Structures are given as C-alpha cells and as structure tokens.
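Notes to accompany the following structure.
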Amino acid sequence: MLSFIYEQLPTRVVFGAGSFDRLPEEIGRLGLKRAIVLSTPGQRRLADEAARRLGVATAGIHAEAAMHVPVETARAARETARRLAADCAVAIGGGSTIGLGKAIALDTGLPVIAIPTTYSGSEMTPIYGLTDGGVKRTGRDRKVLPRVVLYDPALTVALPAKIAGPSGMNALAHCVEALYAEDANPITSLMAAEGIRALARALPVVVAQPLDLEGRGEALYGAWLAGSALGMVAMGLHHKLCHTLGGSFGLPHAEVHTVILPHAAAYNRDAAPTAMRIVAKALGADDAAQGLYDLAKTLGAPLSLREIGMPEDGIDRAAKLATENPYYNPRPLDYAGIRRLLEDAWHGRRPA
Ligand code: NAD
C-alpha cells in the first residue's frame, strides 16, 4: 500500500525564453527595491545586464562568486550586501553563484532571486554549502531556498559544450538518486523520470547544436525537474561519493558527477531494480548504468577520474572515507565494492 510524506517547496518559477526581462516585475511583486546582483567574475557582463534591467532597484553588483562558496567569499558578499543596504540578492549564474546567494540568505535572511545559467539545480533546493580550509560543510535550511527562479534558455546559449555536458549529467544524477531515495514519493519519482527523459533527449542537441533554443529549453526544463527532486528527498551513495571526491581531491563538481554516475548506478543495479528500470526506459537504453555511460560519451564529457585529476593512489583513501559514516543507500556500503567502483571509475571502464 502507498505510504509517503510529500512536502511542497514554495518557489515561484517563471520559465521561458525572455523571462530574464521579467526580473524587475518579479522583484516588484515581492515589494523589493534594492538588489545586490551576484555573479562569477566570468559572468560579470550578465550581472551588468541584470543591473541594467533593474535600474533604480539595483543596489550594486558583486561579481566574486567562486566554486564551493569559500567562507571568506561568503563573508565578503554579506558585508557588501550590508554596506549597500540590499533588501534581496539576485544570483545570476551556475551553482556557485546561487550558492553565494544562499550563503547571504543563511546569515541575513535576505530573499534570493535566482537566474540559473547551468543545469546544477541548486536554485530549487534548500541545500547550502560552505567551504572552510578545504572542508565543505552542507546543510538544509528553508531560508536559503530562492523565492523566485527565472529560467531563461536564451541565457544558456553561451554555455560551452565542455561545461553543458557535465552540468547536465549532474542534473541526471539528482534524478537517478531521487528514484531510489529512502524518502522517495510518487511526485518526486514522476519529476525524476520526466527529468531524465528531457535531459537525455536535449543534452546531445545542446552539445551538437549549441544555438538550438528548443534543445536549450528542454535541457533547462529537465534541470528544473532534477533540482526539484533533489530538494525534496535525501541523496545516497552517488552524491556522498562525489562530495567526498570533490572535497578531498579538489576535483571539479559536475565532472565528478559525470564520471561516478554510471558506476554508482551499476553498484545499486540489483538493489533498486524498479528505479533502474525507470532510468533505463527514460534514457531509451537496455541498462541504466550503461545508458548513462553511453550518454556521457556522446556528450564528449569525461569518463574517468584519471582525466579529471584524481591520483590513482587516492582510491584507497576515498574508499575508506566513503564507507566510514553509514547512511541510507539501496545496496549497503561495503569497502571492497566501493573500492571496485572507484577503480572502474578511475580507469573510465564501461560498467559491466
Ligand atoms: P559553476 O556555477 O561553478 O559554473 C562553472 C563555470 O561556468 C563558471 O566559471 C561560470 O561562470 C560559468 N558559467 C555558468 N553559466 C554559464 C553560461 N551560461 N555561459 C558561460 N559560462 C557559464 O558550476 P555549476 O556546476 O553550475 O555549480 C557547481 C556548484 O554548485 C558546486 O559548488 C556545487 O556543490 C553546487 N551545487 C549545489 C547544489 C545545491 O542544491 N545546493 C546543487 C548542485 C550543485
């Protein structure tokens, strides 16, 4: 018999090409008047565009977002927001910029308006992360959940294939793990399955025909569903392992997800057969793990931990770290199994 808890998160989503233009209207709807606009240094021009659209509702621009939100970066952004007397933060960019907005919200309670330009899905989750001395701490707090998200596929046209492919695989990882989460429910499972379908269809188009707005829109739609699922259920082996690898070896976030996902799916294959059938069907593949590997290959995304900078002698330490704190996963964690997974991922082998 069905039995579950479903908790809807209260974010307003405005989706479609041109929705960036609705930024002033959306800020006005919330009664906000002084926005600090956040971006990475590389996306400063986009932040300038947001400020131009906001006009007098711009308090200032802070283009200092950095990967994994170092605490010093968060502190500086909070101080700037205070100095500018900002009443909200507009985060325009990928997961790093949205993460900076969340770090401001965590301390000050300022509402965040997110305009994602990658497929990280962070904009739909109450999850924040802060890095102190190389150690990343994550947590959940409703305060950091963006109030409004503007999804404009036109803003993702500039996303190069090298970033788009791994970023899309990161979104797929949210969907795959949502399907076998301990607290999965029928709604998150629907979102996850539809997210996989959309991403699997759209990502090859995004990479092969970067200017195809239809494909960009479908990929962003899949990323929205993926982020929504991630925000509502707890993640398992795949996310924990990526967290360990990213934190301990300084590996790039989306690329680690890309390499590990097929192997985490293979590890859980027999323990979560229903979830894996749904993943395989949504991918249009015979097997979930192999379908994910083949998709990453089609996207020209990295397939091995070796090529993204993990030292081979780190496999042992990673396997130990990944198994020392138990958590829910469909197949219980065992050192030998995780070590084998990491070895396969290090070499970039196609899952058996
Ligand atoms: P990112 O935000 O670090 O962006 C990668 C690079 O791409 C940056 O240099 C950025 O400026 C550039 N970029 C972004 N959009 C672009 C565009 N449209 N055109 C050209 N360049 C563009 O990468 P990410 O993968 O989006 O985010 C990774 C971070 O997000 C990690 O710190 C991860 O932990 C976090 N994250 C958090 C959650 C959550 O729920 N809290 C979910 C997923 C990821």
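Hey, among the residues in the range 91-114 that are within 15 Å of the ligand (Cβ to nearest atom) and not in a helix (DSSP H, G or I), which one's farthest from Asp21 (Cα to Cα)?
Step one: of the range 91-114, the residues within 15 Å of the ligand (Cβ to nearest atom) are 91-106, 112, 114.
Filter again for not in a helix (DSSP H, G or I), leaving 91-94, 112, 114.
Details: Ala91: 15, Ile92: 13, Gly93: 16, Gly94: 19, Val112: 17, Ala114: 13 Å.
Applying the filter and picking the extreme gives Gly94.
Residues are listed down the side, and each one gets a yes or a no for (1) outside the structural domain of Ala105 (by TED's automatic domain parsing); (2) within 15 Å of Val112 (Cβ to Cβ):
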| position | (1), (2) |
| --- | --- |
| Ile5 | yes, no |
| Ser39 | no, yes |
| Glu49 | no, no |
| Val71 | no, no |
| Ala74 | no, yes |
| Ala77 | no, yes |
| Arg82 | no, no |
| Cys88 | no, yes |
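Within the range 155-169, work out how many residues are more than 14 Å from the chain's Cα centre (by Cα) and more than 10 Å from the ligand (Cβ to nearest atom).
Qualifying residue count, the range 155-169: 1.
Determine whether Ala85 is part of a helix (DSSP H, G or I) and either closer than 15 Å to Ile127 by Cβ or of a type outside the set (D, E, K, R) (or both).
It is false that Ala85 is part of a helix (DSSP H, G or I) and either closer than 15 Å to Ile127 by Cβ or of a type outside the set (D, E, K, R) (or both).
Filter the range 67-90 down to residues that are within 14 Å of the ligand (Cβ to nearest atom) and touching a Gly at 6+ places or on another chain (Cβ under 7 Å) and give me whichever is farthest from Gly246 (Cα to Cα).
Filtering the range 67-90 for residues within 14 Å of the ligand (Cβ to nearest atom) gives 67-71, 73-74.
Of the ones still in play, those that are also touching a Gly at 6+ places or on another chain (Cβ under 7 Å) are 68-69.
Working: His68: 10, Val69: 13 Å.
Ranking the candidates gives Val69 first.
Kindly provide the set of residues from the range 153-185 that are part of a loop (DSSP other than H, G, I, E, B) and surrounded by 23 or more Cβ atoms within 10 Å (Cβ to Cβ), ordered by number. Before the answer, list the steps.
Going residue by residue through the range 153-185, those that are part of a loop (DSSP other than H, G, I, E, B) are 157-160, 180-185.
Correct list: Tyr180, Ala181.
Quick one: in the range 96-112, which of the residues that are of a type in the set (Ser, Thr, Tyr) and in contact (Cβ under 8 Å) with a residue 40 or more places away in the chain is surrounded by the most Cβ atoms within 10 Å (Cβ to Cβ)?
Step by step, filter the range 96-112, then rank; the result is Thr97.
Considering (1) surrounded by fewer than 17 Cβ atoms within 10 Å (Cβ to Cβ); (2) near the ligand (Cβ under 10 Å from one of its atoms), say which one Thr118 fails and leave the rest.
Evaluating Thr118 over (1) surrounded by fewer than 17 Cβ atoms within 10 Å (Cβ to Cβ); (2) near the ligand (Cβ under 10 Å from one of its atoms) leaves (1) as the failure.
Would a scan of the range 125-144 turn up a residue that is near the ligand (Cβ under 10 Å from one of its atoms) and assigned to a helix (DSSP H, G or I)?
yes
With the requirement that a residue be surrounded by fewer than 17 Cβ atoms within 10 Å (Cβ to Cβ) and within 9 Å of the ligand (Cβ to nearest atom), what does the range 42-66 give you?
Selection gives Gly42, Ala66.
I want to confirm something. Restricting to the range 321-352 and keeping residues that are in contact with a Phe, Trp or Tyr (Cβ under 7 Å, 6 or more places away or on another chain) and assigned to a loop (DSSP other than H, G, I, E, B), which single residue is surrounded by the fewest Cβ atoms within 10 Å (Cβ to Cβ)?
The first filter runs over the range 321-352 and keeps only residues in contact with a Phe, Trp or Tyr (Cβ under 7 Å, 6 or more places away or on another chain), leaving 323, 330-331, 337, 341, 350-351.
Next, from what is left, pick out any that are assigned to a loop (DSSP other than H, G, I, E, B): 330-331, 350-351.
Details: Pro330: 20, Arg331: 16, Arg350: 14, Pro351: 20.
Among those residues, the one meeting the criterion is Arg350.
Name the one entry in Ala285, Ala234, Ala226 that is crowded, with 18+ Cβ neighbours inside 10 Å and aliphatic (A, V, I, L, M).
The match here is Ala226.
Test Glu194 against the criterion of being surrounded by fewer than 19 Cβ atoms within 10 Å (Cβ to Cβ), in contact (Cβ under 8 Å) with a residue 24 or more places away in the chain and assigned by TED's automatic domain parsing to the domain that holds Pro302, and give yes or no.
yes
The values are calculated or read from the model by the stated rules, or taken from the named source; none is laboratory data. All values derive from a computational prediction rather than experimental measurement. Note that we place each Cβ from the backbone using ideal geometry, even for glycine, and neighbour counts take in every protein chain shown.
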